[in-house]
Amino acid sequence: TISEASQLVIQAGAMADGGDVFLLDMGEPVRIADLARKMVELSGLAVRDENNPEGDIELSVTGLRPGEKLYEELLIGDNPETTEHPRIMKAREDFLFWSELSKKLNSLNAVMDRNDMVAARAMLAELVSGYSSTGEVSDLAFSGAEPIRLPQPIQSTS
């Protein structure tokens, strides 16, 4: 329920030391088709389908769009840590110190300025643990649109 989910979020926030990533056990997954059907019915309407051709709302499956996934991966790394709460786990995530990250982001900005999407993808694979892309590069920069830019070089705060 919303109440239970809210309580888990508040409790995880109370456990945080700063920069922590928590995984919340939200129960069993729900099929989107079942959720859509329930939402139609809870609104006082009926689903139009083979069994009910006079229904109010037809549900149709259009398939995945580019980049969409069938399921969410909640954690890229392995072995989340347990916490005091049985439904809250803590992720063990790799991180870069700001001094190193800001240099890499500035390098990424430079390759984006050159519209070098192949180099940008290689840099993302280096920066983001578990990221790999084997598909064709397909973005606005390759299609002749304005280049994607970060607003300005990132300055180190140290």
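Karplus-derived 3J(HN,Hα) values for the range 15-31, using 6.51 cos²θ - 1.76 cosθ + 1.60 with θ = phi - 60°, are 7, 5, 9, x, x, 6, 10, 10, 10, 9, 7, 9, x, 6, x, 10, 5 Hz; glycine and proline are entered as x.
The chymotrypsin sites (Phe, Trp or Tyr not before Pro) of the range 40-118 that DSSP puts in a loop, and whose beta carbon has at most 13 other beta carbons within 10 Å, are TYR71, PHE95, PHE97.
Extending 7 Å from the Cα toward the beta-carbon at both ALA36 and ASP20 defines two label points whose distance is 3.8 nm.
Between GLU28 and SER3, full extension at 0.36 nm per residue minus the direct alpha carbon distance yields a gain of 7.4 nm.
Computed across the range 2-90, the Kirkwood hydrodynamic radius from all distinct Cα-Cα pairs reaches 16.5 Å.
Values quoted throughout were computed directly from the atomic coordinates according to the rules given, and no laboratory measurement underlies them. All values derive from a computational prediction rather than experimental measurement. Every residue, glycine as well, gets a Cβ built from its backbone with ideal geometry; the counts of neighbours run over all protein chains shown.
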